[in-house]
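Here the structure comes first, spelled out in structure tokens, and everything after it is commentary.
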Amino acid sequence: MTETHTEVALDSPWSGGGSPYAMGSKKLGMWLFIISDVMTFTALLMAYSYSRVSNPDWPAHVFPIFPAVIFSTTMTVVLLASSLTMVMAVAAAHRGARGAAVKWLLATMAGGLIFCGLHVTEWFHLIEEGVRLFSNPWGSPLFGAAFFGITGLHMTHVMCGVIYLGVIAWGYGTSRFKDEDVEVSGLYWHFVDLVWMFVFPMIYLMSVKYS
Amino acid sequence: MKLFMAVWSSLVAITLAEVYLAYLHFPAVTMLLMLIGLSVLKAGLIMAYFMHLRFEKFTLFLTLIPATVFCIGMMTVIFPDSLRLFEVRIHH
């Protein structure tokens, strides 16, 4: 093999050279984590759909337009808005504008906290109506476990994200972290938003109560 | 930034369209397919633009996405069994 061939082989993205994806290991690591988390949520939503279809007494039309649908739609818009502020934070970090990036990160955290506040309020509406983890007044007891399990795991992701962004805002503001760290935290935050884009229609919109 | 605003506006518009669709009396399967279809579109927009996948090397897309789609496809293989269970319970 001539030297030219060797160079061509190393230049190929599949040759396993220095940096086949042209990105840092943190970013690639976050992408791999995200893919594994996609599997977790897909499995949960699949189990939810399976239980729903196989149980004739599944409570299928339980969410009234107020509070459930209004609340969950507002939560969706808030989460989408926090994704936009996250995009701003990453853009500011790439410009090297530390102050602006920290402000946008704080705005994103505020979005996450508002989402959780609305979600917990929405949970209390259901708990007041008698929905528990293993029982509910409408039908199959699996409904409560599926509902609180899936939305609870998502809310845990949002809360972890708020803490994660807090650490990044502190570290980036004090020059301990680089702009890549802001970008990696952005990937996580957008993923949490992405998951909600499936949880919202499958849990809420498939179960609206027709008036 | 204009591009991101346009993506964001489309995401909000699709969300509102989903809420509207939920109140039309479609059969469950039609409704599920429509809502999931729109959600996949939203997920695509978020990954391509917000998560910058469109601007990364194409090898990253090839490594992550086809395998994920395949695994999700494999999970759906057991799904038709839920319909059988439903039938069994109805007739007993």
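The values are calculated or read from the model by the stated rules, or taken from the named source; none is laboratory data. Just so it is clear, the structure is predicted and the values come from calculations on it, not from any experiment. All Cβ positions, glycine included, derive from the backbone under ideal geometry; neighbour counts span all protein chains shown.
Things worth noting here:
- Qualifying residue in the stretch A:125-138 (condition: of a type in the set (Gly, Ala, Ser) and closer than 19 Å to A:THR74 by Cβ): no
- For B:VAL88, the stated conditions hold: it is more than 30 Å from A:ALA89 (Cα to Cα) and part of a helix (DSSP H, G or I).
- Considering residues of the stretch B:39-57 that are at the interface with another protein chain (Cβ under 8 Å from one of its Cβ atoms) and assigned to a helix (DSSP H, G or I) only, the residue nearest to the chain's Cα centre (by Cα): B:SER39
- Pairs meeting the criteria (first residue in the stretch B:23-34 and facing another protein chain (nearest Cβ under 7 Å), second residue surrounded by 13 or more Cβ atoms within 10 Å (Cβ to Cβ) and part of a helix (DSSP H, G or I), beta carbons under 7 Å, at least 6 apart or on different chains) are B:MET31/A:MET206; B:LEU32/A:MET206.
- Any hit, the stretch B:17-32, residues being surrounded by 12 or more Cβ atoms within 10 Å (Cβ to Cβ), outside any helix (DSSP H, G or I) and outside the structural domain of B:LEU83 (by TED's automatic domain parsing): yes
- Among (1) in contact with a helix residue (DSSP H, G or I) (Cβ under 8 Å, 6 or more places away or on another chain); (2) assigned to a helix (DSSP H, G or I) - the single one A:THR156 does not satisfy: (1)
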